[in-house]
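S.K.: Mind having a look at this structure? Questions to follow.
The values are calculated or read from the model by the stated rules, or taken from the named source; none is laboratory data. Computed from a predicted structure; not experimentally measured. Glycine gets a Cβ as well: all are built from the backbone with ideal geometry, and neighbour counts include every protein chain shown. Just the protein is used for accessible areas: all its heavy atoms, side chains included, with ligands, DNA and RNA removed. Shrake-Rupley method; radii C 1.70, N 1.55, O 1.52, S 1.80 Å.
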Amino acid sequence: KAGVTQTPRYLIKTRGQQVTLSCSPISGHRSVSWYQQTPGQGLQFLFEYFSETQRNKGNFPGRFSGRQFSNSRSEMNVSTLELGDSALYLCASSLAGTGGYNEQYFGPGTRLTVT
Amino acid sequence: AQTVTQSQPEMSVQEAETVTLSCTYDTSESNYYLFWYKQPPSRQMILVIRQEAYKQQNATENRFSVNFQKAAKSFSLKISDSQLGDTAMYFCAFYSGGSNYKLTFGKGTLLTVNP
């Protein structure tokens, strides 16, 4: 099976612009989660989607949004980029469902640099 | 809210020796899961080992084992016969058995295995 894929792998944007990142989960996985990784804050949870519904959202401003499509692919969008948004954005997919735990498989990440 | 603390930002070990990485967590829940993830320099996050809180037996995966002390809220990772390929960032993570669908990570420990 192909792993989790994220596109693009690297991105350079200017302050004030917006950006869309894409994540394709492992085939059959219906849950997609997003995490932001920075040297200062570490790994922080952004949001989780299951069957096109956001089930949880982390403590990020409204400039961060996401969505999931019927084929389980997910996108996250960051509007009005700030320098502090420079980070590695990781996507993880799992079979999920309700309760319990299903292993999360991580993608390689998208490295976003805001200048 | 759950918190995960890794008190060792960096550690080093000689090849073939044993090293233990520390992790403590705080939660009021009784049903949860704990993990150690490895993130090599290539950045792909990989699950190393998992522990269900309801299981008293410590998890083991080949050269990797954990010491899970539920009352002390401690979850350390022991790596035996360290190999150069073990060089990576190691993250301790918590997942609630409830329905918040997110991993809470520690800040990580950078482990370097020296030849």
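S.K.: Scan the stretch B:75-99 for residues that are of a type in the set (S, T, N, Q), surrounded by 16 or more Cβ atoms within 10 Å (Cβ to Cβ) and either within 14 Å of another protein chain (Cβ to nearest Cβ) or closer than 16 Å to B:Ser28 by Cα (or both) and jot them down.
M.R.: Correct list: B:Ser96 only.
S.K.: Give the stretch B:100-115 a look and list any residue that's farther than 14 Å from B:Trp36 by Cα and either within 11 Å of another protein chain (Cβ to nearest Cβ) or buried (at least 17 other Cβ atoms within 10 Å of the Cβ) (or both), or say none.
M.R.: Listed by number, the residues that qualify are B:Asn100, B:Tyr101, B:Lys102, B:Val113.
S.K.: Is it the case that some residue within the stretch A:29-50 is touching a residue at least 40 places away in the same chain (Cβ under 8 Å), out of contact with any helix residue (DSSP H, G or I) (no Cβ under 7 Å at 6 or more places or on another chain) and small (Gly, Ala, Ser)?
M.R.: Taking every residue of the stretch A:29-50 in turn, at least one turns out to be touching a residue at least 40 places away in the same chain (Cβ under 8 Å), out of contact with any helix residue (DSSP H, G or I) (no Cβ under 7 Å at 6 or more places or on another chain) and small (Gly, Ala, Ser).
S.K.: Could you figure out which of (1) surrounded by fewer than 16 Cβ atoms within 10 Å (Cβ to Cβ); (2) within 11 Å of chain A (Cβ to nearest Cβ); (3) of a type in the set (A, V, I, L, M) isn't true of B:Ala72?
M.R.: (2)
S.K.: Could you tell me whether the stretch A:83-104 includes any residue that is in contact with a Cys (Cβ under 8 Å, 6 or more places away or on another chain) and surrounded by fewer than 21 Cβ atoms within 10 Å (Cβ to Cβ)? First the steps, then the outcome.
M.R.: Kept after step one, since they are in contact with a Cys (Cβ under 8 Å, 6 or more places away or on another chain), are these residues of the stretch A:83-104: A:91, A:93.
Checking which are surrounded by fewer than 21 Cβ atoms within 10 Å (Cβ to Cβ) leaves us with none.
No, because not a single residue in the stretch A:83-104 is in contact with a Cys (Cβ under 8 Å, 6 or more places away or on another chain) and surrounded by fewer than 21 Cβ atoms within 10 Å (Cβ to Cβ).
One line per residue, one yes/no per condition, for (1) more than 10 Å from chain B (Cβ to nearest Cβ); (2) crowded, with 16+ Cβ neighbours inside 10 Å; (3) within 11 Å of the chain's Cα centre (by Cα); (4) not polar (S, T, N, Q):
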{"position": "A:Tyr10", "(1), (2), (3), (4)": "yes, no, no, yes"}
{"position": "A:Gly16", "(1), (2), (3), (4)": "yes, no, no, yes"}
{"position": "A:Ile26", "(1), (2), (3), (4)": "yes, yes, no, yes"}
{"position": "A:His29", "(1), (2), (3), (4)": "yes, yes, no, yes"}
{"position": "A:Thr38", "(1), (2), (3), (4)": "yes, no, no, no"}
{"position": "A:Gln41", "(1), (2), (3), (4)": "no, no, no, no"}
{"position": "A:Arg55", "(1), (2), (3), (4)": "no, yes, no, yes"}
{"position": "A:Pro61", "(1), (2), (3), (4)": "yes, no, no, yes"}
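S.K.: More than 8 Å from chain B (Cβ to nearest Cβ), in contact with a helix residue (DSSP H, G or I) (Cβ under 9 Å, 6 or more places away or on another chain) and modelled with pLDDT of 95 or more, is that true of A:Phe69?
M.R.: So A:Phe69 fails the test.
S.K.: Could you tell me which residue of the stretch A:76-94 is nearest to the other protein chains (Cβ to nearest Cβ), considering only residues that are touching a Gly at 6+ places or on another chain (Cβ under 7 Å) and in a loop (DSSP other than H, G, I, E, B)?
M.R.: This residue is A:Leu81.
S.K.: Sticking with this structure for a sec: Just to be sure before I move on: is B:Thr27 open to solvent by less than 30 Å² (accessible area, probe 1.4 Å), within 26 Å of A:Ser33 (Cα to Cα), away from chain A (no Cβ under 11 Å) and modelled with pLDDT under 95 in the structure I sent?
M.R.: So B:Thr27 passes the test.
S.K.: OK, next. Name every residue in the stretch B:33-53 that is free of Cβ contacts under 8 Å to residues at least 24 places away in the same chain, closer than 17 Å to A:Glu103 by Cα and assigned to a loop (DSSP other than H, G, I, E, B), in order of residue number.
M.R.: Scanning the stretch B:33-53 gives a single hit, B:Gln44.
S.K.: While we're looking at this one, here's another question. Name the residues in the stretch A:100-115 that are within 12 Å of the chain's Cα centre (by Cα), more than 7 Å from chain B (Cβ to nearest Cβ) and not in a strand (DSSP E or B), would you?
M.R.: Listed by number, the list holds a single entry, A:Gly107.
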